[in-house]
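The values are calculated or read from the model by the stated rules, or taken from the named source; none is laboratory data. Because the structure is predicted, anything quoted here is derived from the model rather than measured. Cβ: placed from backbone, ideal geometry, glycine included. Neighbour counts: every protein chain shown. Just the protein is used for accessible areas: all its heavy atoms, side chains included, with ligands, DNA and RNA removed. Shrake-Rupley method; radii C 1.70, N 1.55, O 1.52, S 1.80 Å.
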Amino acid sequence: MSEQHATSATTGRRSTGTLALYVVGQLLVVAVGGSIVGSALGDGSGYGVVFGAFLLGIGLVSLLATLLELAHGRSAHGAVTGTAPDGSPATVLPRAGWVPAISAGFLAVIAGCLVAGALVGLGRGDTGLGVLLLVLGVGFLALLVPVLLGRTRAGGVYLTAQGVTSVKDGAWWRVSWDDVAGVVPDEPLAVVLRDGARPERGRTAPPGWRAEVKAPEGVLAVQTRYLSEDAATLAFLLLAYRDRPDLRAGLGTQASLDWEILRAGS
(Lines give C-alpha, C1' and ligand atoms only; values in the text may rest on other atoms or scores of the structure.)
Protein backbone atom coordinates (compact mmCIF):
# COMPACT_ATOMS: atom_id res chain seq x y z
CA MET A 1 0.00 0.00 0.00
CA SER A 2 1.44 3.37 -0.95
CA GLU A 3 1.96 6.06 1.65
CA GLN A 4 -0.57 8.30 -0.10
CA HIS A 5 -3.22 5.57 -0.09
CA ALA A 6 -2.53 4.71 3.55
CA THR A 7 -2.89 8.37 4.51
CA SER A 8 -6.19 8.68 2.62
CA ALA A 9 -7.49 5.53 4.30
CA THR A 10 -6.83 6.77 7.82
CA THR A 11 -7.92 10.36 7.27
CA GLY A 12 -10.99 9.66 5.16
CA ARG A 13 -9.91 12.43 2.78
CA ARG A 14 -9.34 11.90 -0.93
CA SER A 15 -5.89 12.97 -2.02
CA THR A 16 -5.25 16.14 -4.02
CA GLY A 17 -4.05 14.00 -6.93
CA THR A 18 -7.27 11.99 -6.98
CA LEU A 19 -9.39 15.14 -6.88
CA ALA A 20 -7.30 16.66 -9.68
CA LEU A 21 -8.08 13.63 -11.85
CA TYR A 22 -11.77 14.08 -11.05
CA VAL A 23 -11.55 17.71 -12.18
CA VAL A 24 -10.02 16.69 -15.52
CA GLY A 25 -12.76 14.10 -16.10
CA GLN A 26 -15.51 16.52 -15.10
CA LEU A 27 -14.19 19.25 -17.39
CA LEU A 28 -14.23 16.70 -20.21
CA VAL A 29 -17.89 15.87 -19.48
CA VAL A 30 -18.73 19.60 -19.45
CA ALA A 31 -16.97 20.08 -22.78
CA VAL A 32 -18.74 17.11 -24.37
CA GLY A 33 -22.11 18.25 -23.02
CA GLY A 34 -21.64 21.75 -24.32
CA SER A 35 -20.58 20.44 -27.72
CA ILE A 36 -23.65 18.21 -27.96
CA VAL A 37 -25.94 21.09 -27.03
CA GLY A 38 -24.39 23.29 -29.73
CA SER A 39 -24.64 20.60 -32.41
CA ALA A 40 -28.20 19.66 -31.42
CA LEU A 41 -29.33 23.27 -31.55
CA GLY A 42 -27.94 23.51 -35.07
CA ASP A 43 -29.70 20.30 -36.13
CA GLY A 44 -32.97 21.17 -34.39
CA SER A 45 -32.81 18.00 -32.27
CA GLY A 46 -34.76 18.52 -29.06
CA TYR A 47 -33.68 15.19 -27.58
CA GLY A 48 -30.07 16.01 -28.40
CA VAL A 49 -30.31 19.34 -26.60
CA VAL A 50 -31.76 17.64 -23.52
CA PHE A 51 -29.06 14.95 -23.50
CA GLY A 52 -26.30 17.51 -23.92
CA ALA A 53 -27.80 19.67 -21.18
CA PHE A 54 -27.89 16.61 -18.91
CA LEU A 55 -24.18 15.96 -19.41
CA LEU A 56 -23.41 19.64 -19.02
CA GLY A 57 -25.39 19.95 -15.79
CA ILE A 58 -24.02 16.76 -14.22
CA GLY A 59 -20.49 17.79 -15.17
CA LEU A 60 -20.86 21.27 -13.66
CA VAL A 61 -22.40 20.04 -10.40
CA SER A 62 -19.74 17.33 -10.10
CA LEU A 63 -17.00 19.87 -10.76
CA LEU A 64 -18.39 22.20 -8.10
CA ALA A 65 -18.54 19.31 -5.62
CA THR A 66 -14.92 18.39 -6.28
CA LEU A 67 -13.70 21.98 -5.95
CA LEU A 68 -15.61 22.37 -2.67
CA GLU A 69 -14.16 19.10 -1.38
CA LEU A 70 -10.67 20.26 -2.31
CA ALA A 71 -11.19 23.56 -0.46
CA HIS A 72 -12.70 21.71 2.50
CA GLY A 73 -9.67 19.45 2.83
CA ARG A 74 -7.23 22.38 2.79
CA SER A 75 -9.04 24.78 5.11
CA ALA A 76 -8.68 25.04 8.89
CA HIS A 77 -10.91 22.71 10.85
CA GLY A 78 -11.87 21.95 14.41
CA ALA A 79 -14.65 21.11 16.78
CA VAL A 80 -17.19 23.59 18.14
CA THR A 81 -19.54 23.60 21.10
CA GLY A 82 -23.22 23.17 20.39
CA THR A 83 -26.29 21.10 21.10
CA ALA A 84 -27.03 17.52 20.08
CA PRO A 85 -30.36 16.67 18.44
CA ASP A 86 -31.69 15.49 21.82
CA GLY A 87 -30.90 18.89 23.38
CA SER A 88 -27.78 17.81 25.30
CA PRO A 89 -24.70 20.06 25.35
CA ALA A 90 -22.27 18.64 22.80
CA THR A 91 -18.83 18.98 21.35
CA VAL A 92 -19.57 18.97 17.63
CA LEU A 93 -17.58 18.00 14.56
CA PRO A 94 -19.87 19.60 11.95
CA ARG A 95 -20.29 18.24 8.44
CA ALA A 96 -19.81 20.60 5.51
CA GLY A 97 -23.13 22.38 5.03
CA TRP A 98 -22.90 22.38 1.23
CA VAL A 99 -23.12 18.59 0.87
CA PRO A 100 -26.96 18.32 0.82
CA ALA A 101 -27.09 21.21 -1.65
CA ILE A 102 -24.82 19.28 -4.02
CA SER A 103 -27.10 16.25 -3.76
CA ALA A 104 -30.04 18.54 -4.49
CA GLY A 105 -28.16 19.93 -7.48
CA PHE A 106 -27.82 16.47 -9.00
CA LEU A 107 -31.51 15.80 -8.41
CA ALA A 108 -32.46 19.13 -9.98
CA VAL A 109 -30.42 18.41 -13.12
CA ILE A 110 -31.91 14.92 -13.50
CA ALA A 111 -35.46 16.12 -12.82
CA GLY A 112 -35.15 19.14 -15.08
CA CYS A 113 -33.82 17.09 -17.98
CA LEU A 114 -36.51 14.44 -17.57
CA VAL A 115 -39.24 17.07 -17.63
CA ALA A 116 -37.62 18.79 -20.61
CA GLY A 117 -37.38 15.45 -22.39
CA ALA A 118 -41.04 14.84 -21.63
CA LEU A 119 -42.01 18.15 -23.21
CA VAL A 120 -39.95 17.33 -26.29
CA GLY A 121 -41.56 13.91 -26.53
CA LEU A 122 -45.09 15.22 -26.13
CA GLY A 123 -44.41 17.94 -28.66
CA ARG A 124 -43.21 15.35 -31.18
CA GLY A 125 -46.17 13.08 -30.58
CA ASP A 126 -44.17 10.49 -28.62
CA THR A 127 -46.92 10.32 -26.01
CA GLY A 128 -45.86 7.14 -24.23
CA LEU A 129 -42.25 8.22 -23.85
CA GLY A 130 -43.29 11.74 -22.90
CA VAL A 131 -45.61 10.56 -20.13
CA LEU A 132 -42.96 8.15 -18.78
CA LEU A 133 -40.31 10.87 -18.67
CA LEU A 134 -42.75 13.27 -17.02
CA VAL A 135 -43.63 10.78 -14.28
CA LEU A 136 -39.95 10.12 -13.60
CA GLY A 137 -39.20 13.84 -13.58
CA VAL A 138 -41.95 14.58 -11.08
CA GLY A 139 -40.64 11.76 -8.89
CA PHE A 140 -37.16 13.26 -8.80
CA LEU A 141 -38.61 16.71 -8.17
CA ALA A 142 -40.45 15.29 -5.15
CA LEU A 143 -37.10 14.27 -3.66
CA LEU A 144 -36.16 17.95 -3.58
CA VAL A 145 -39.02 18.81 -1.21
CA PRO A 146 -37.17 17.59 1.93
CA VAL A 147 -34.28 19.92 1.08
CA LEU A 148 -36.60 22.91 0.84
CA LEU A 149 -38.23 21.91 4.13
CA GLY A 150 -34.86 21.63 5.90
CA ARG A 151 -35.24 17.91 6.59
CA THR A 152 -31.88 16.89 5.10
CA ARG A 153 -29.44 18.91 7.17
CA ALA A 154 -25.77 18.10 6.72
CA GLY A 155 -25.38 17.23 10.42
CA GLY A 156 -22.13 16.04 11.93
CA VAL A 157 -20.88 14.06 14.92
CA TYR A 158 -22.04 15.11 18.40
CA LEU A 159 -20.12 14.03 21.50
CA THR A 160 -22.14 14.34 24.72
CA ALA A 161 -21.73 13.14 28.28
CA GLN A 162 -24.11 10.27 27.47
CA GLY A 163 -22.68 9.10 24.17
CA VAL A 164 -22.15 9.70 20.46
CA THR A 165 -24.68 10.87 17.89
CA SER A 166 -24.04 10.93 14.14
CA VAL A 167 -26.34 12.93 11.83
CA LYS A 168 -26.06 12.77 8.04
CA ASP A 169 -28.54 14.12 5.50
CA GLY A 170 -31.58 13.68 7.71
CA ALA A 171 -30.68 10.29 9.25
CA TRP A 172 -29.15 9.76 12.68
CA TRP A 173 -27.95 7.14 15.11
CA ARG A 174 -27.02 7.43 18.77
CA VAL A 175 -25.03 5.06 21.00
CA SER A 176 -23.83 5.29 24.60
CA TRP A 177 -20.14 5.37 25.46
CA ASP A 178 -20.35 2.02 27.24
CA ASP A 179 -21.58 0.36 24.04
CA VAL A 180 -18.50 1.37 22.02
CA ALA A 181 -16.14 -1.60 21.78
CA GLY A 182 -13.70 -0.12 19.30
CA VAL A 183 -13.16 2.28 16.40
CA VAL A 184 -11.55 1.69 13.00
CA PRO A 185 -10.40 4.92 11.27
CA ASP A 186 -11.20 4.58 7.58
CA GLU A 187 -13.74 5.93 5.12
CA PRO A 188 -16.30 5.35 6.37
CA LEU A 189 -15.12 5.21 9.98
CA ALA A 190 -16.41 2.11 11.78
CA VAL A 191 -17.71 2.28 15.36
CA VAL A 192 -17.66 -1.33 16.57
CA LEU A 193 -20.35 -2.09 19.15
CA ARG A 194 -20.16 -4.42 22.10
CA ASP A 195 -22.33 -7.54 22.02
CA GLY A 196 -25.92 -6.76 22.87
CA ALA A 197 -25.66 -3.02 22.17
CA ARG A 198 -28.89 -1.38 21.01
CA PRO A 199 -28.17 1.91 19.27
CA GLU A 200 -31.03 4.31 18.59
CA ARG A 201 -31.83 5.28 15.01
CA GLY A 202 -34.12 7.74 13.27
CA ARG A 203 -34.53 9.88 10.18
CA THR A 204 -36.26 13.03 9.01
CA ALA A 205 -35.53 12.42 5.33
CA PRO A 206 -37.96 10.27 3.36
CA PRO A 207 -37.12 7.02 1.53
CA GLY A 208 -35.14 7.78 -1.60
CA TRP A 209 -32.48 9.77 0.22
CA ARG A 210 -29.49 7.52 0.92
CA ALA A 211 -28.82 9.05 4.29
CA GLU A 212 -27.33 6.54 6.72
CA VAL A 213 -24.06 4.90 5.69
CA LYS A 214 -24.48 1.13 5.40
CA ALA A 215 -22.46 -1.02 7.78
CA PRO A 216 -22.33 -4.67 8.86
CA GLU A 217 -24.26 -5.94 11.86
CA GLY A 218 -22.69 -4.69 15.09
CA VAL A 219 -21.03 -1.70 13.41
CA LEU A 220 -22.10 1.92 13.00
CA ALA A 221 -20.53 3.89 10.16
CA VAL A 222 -19.59 7.56 9.95
CA GLN A 223 -18.80 9.28 6.65
CA THR A 224 -15.81 11.40 7.69
CA ARG A 225 -14.84 12.89 4.31
CA TYR A 226 -16.79 16.10 4.88
CA LEU A 227 -16.44 16.44 8.66
CA SER A 228 -14.49 19.27 10.25
CA GLU A 229 -11.90 16.72 11.43
CA ASP A 230 -10.51 13.64 9.73
CA ALA A 231 -11.13 9.99 10.52
CA ALA A 232 -7.96 9.56 12.60
CA THR A 233 -8.85 12.52 14.83
CA LEU A 234 -12.43 11.37 15.30
CA ALA A 235 -11.23 7.86 16.19
CA PHE A 236 -8.87 9.35 18.79
CA LEU A 237 -11.68 11.38 20.35
CA LEU A 238 -14.10 8.46 20.48
CA LEU A 239 -11.60 6.12 22.10
CA ALA A 240 -10.34 8.79 24.50
CA TYR A 241 -13.79 9.66 25.84
CA ARG A 242 -14.79 6.02 25.93
CA ASP A 243 -11.81 5.34 28.20
CA ARG A 244 -12.07 8.56 30.25
CA PRO A 245 -15.59 8.77 31.71
CA ASP A 246 -14.31 11.36 34.19
CA LEU A 247 -13.90 13.86 31.32
CA ARG A 248 -17.27 13.36 29.62
CA ALA A 249 -19.05 15.94 31.77
CA GLY A 250 -16.92 18.59 30.06
CA LEU A 251 -18.26 17.78 26.61
CA GLY A 252 -20.17 20.71 25.20
CA THR A 253 -18.02 23.22 27.07
CA GLN A 254 -15.15 25.33 25.80
CA ALA A 255 -12.71 23.17 27.78
CA SER A 256 -13.60 20.16 25.60
CA LEU A 257 -12.05 21.87 22.59
CA ASP A 258 -8.58 21.53 24.15
CA TRP A 259 -7.65 17.92 23.44
CA GLU A 260 -4.27 18.01 25.16
CA ILE A 261 -5.92 16.82 28.36
CA LEU A 262 -7.01 13.69 26.50
CA ARG A 263 -3.52 13.03 25.22
CA ALA A 264 -2.07 13.61 28.66
CA GLY A 265 -4.43 11.06 30.12
CA SER A 266 -3.96 8.45 27.41
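Please name whichever of 180, 226, 154 sits farthest to the positive end of the charge dipole of region 150-260, dipole taken about the Cα centre and charges placed at Cβ: Lys and Arg +1, Asp and Glu -1.
Towards the positive end, the residue furthest out is 154.
Residues with amide H under 5 Å of residue 182's amide H, sequence separation 5 or more or different chain, H placed in the peptide plane at 1.01 Å from N; which?
Under 5 Å from the amide H of residue 182: 192.
How large is the accessible surface of residue 200 in square angstrom, using a 1.4 angstrom probe and rounding to the nearest 10?
90
Given 25 °C and 0.890 mPa s, how large is the Stokes-Einstein diffusion coefficient of region 102-174 in µm²/s, with Rh as the Kirkwood radius over Cα pairs? Show your work: numbers first, answer last.
On the way: Rh = 14.3 Å.
Once the numbers are plugged in, D ends up at 172 µm²/s.
Contour minus end-to-end for residue 253 and residue 219, with contour as 0.36 nm per residue of separation and end-to-end as the Cα-Cα distance? Mind showing how you got there, number by number?
Values: separation 34, 0.36 × 34 = 12.24 nm, distance 2.86 nm.
Separation in residues times 0.36 nm, less the Cα-Cα distance, equals 9.4 nm.
Could you give each residue of region 36-50 its phi-based ³J(HN,Hα) in whole Hz, using Karplus coefficients 6.51, -1.76, 1.60 with θ = phi - 60°, and x for Gly or Pro?
Using θ = phi - 60°, the values come out as 5, 4, x, 5, 5, 4, x, 8, x, 8, x, 4, x, 4, 5 Hz.
Show me the ranking of peptides 22-32, 56-66, 175-185 by mean Cβ neighbours inside 10 Å, starting with the highest.
Working: 22-32: 14.6, 56-66: 19.2, 175-185: 17.5.
Descending mean neighbour count gives 56-66, 175-185, 22-32.
Explain nothing, just compute: Karplus ³J(HN,Hα) = 6.51 cos²θ - 1.76 cosθ + 1.60, θ = phi - 60°, for every residue of region 136-147 in order, whole Hz, x for Gly and Pro.
5, x, 5, x, 5, 4, 4, 5, 7, 4, x, 5
For the chain, compute Rh as the Kirkwood radius over C-alpha pairs and then the Stokes-Einstein diffusion coefficient at 4 °C and 1.567 mPa s; write the answer in µm²/s, rounded to an integer. All intermediate terms of the calculation are to be shown ahead of the outcome.
Numbers: Rh = 20.7 Å.
Stokes-Einstein gives a translational diffusion coefficient of 63 µm²/s.
Let me know the shape class of region 10-165, please: from the alpha-carbon gyration tensor, a ≥ b ≥ c as square roots of the eigenvalues, rounded when a/c is under 1.5, otherwise prolate if a/b is greater than b/c, or oblate. Before the final figure, lay out each step's value.
Values: a/c = 4.65, a/b = 1.76, b/c = 2.64.
Oblate shape, in that a/c is at least 1.5 and b/c is the bigger or equal ratio.
I'd like the accessible area for residue 15: 1.4 Å probe, protein heavy atoms, all chains in place, Å² to the nearest 10.
Surface open to solvent at residue 15 totals about 20 Å².
Note down the magnitude of the dipole of the chain about its Cα centre, charges +1 on Lys and Arg C-beta and -1 on Asp and Glu C-beta and zero elsewhere, to the nearest 20 debye. Write out the running numbers ahead of the final one.
Numbers: 20 positive and 20 negative charges, 74 e Å.
Value, rounded to 20: 360 debye.
From the P(r) of region 75-217, can you give the percent of Cα pairs sitting at distances over 26 Å? Walk me through the numbers on the way to the answer.
Numbers: 4091 of 10153 pairs.
When every Cα pair of region 75-217 is considered, 40 percent fall beyond 26 Å.
Would you work out the charge dipole size for region 8-152 about its Cα centre, treating the Cβ of every Lys and Arg as +1 and the Cβ of every Asp and Glu as -1, and quote it to the nearest 20 debye?
Numbers: 6 positive and 4 negative charges, 64 e Å.
Computed about the Cα centre, the dipole is about 300 debye.
Taking the Cα centre as origin and putting +1 on Lys and Arg beta-carbons and -1 on Asp and Glu beta-carbons, what dipole magnitude results for region 110-202, to the nearest 20 debye?
Numbers: 8 positive and 8 negative charges, 63 e Å.
About 300 debye.
For residue 83, list long-range residues whose amide hydrogen, built 1.01 Å from N in the peptide plane, is under 5 Å from its own amide hydrogen.
HN-HN under 5 Å from residue 83: 90.
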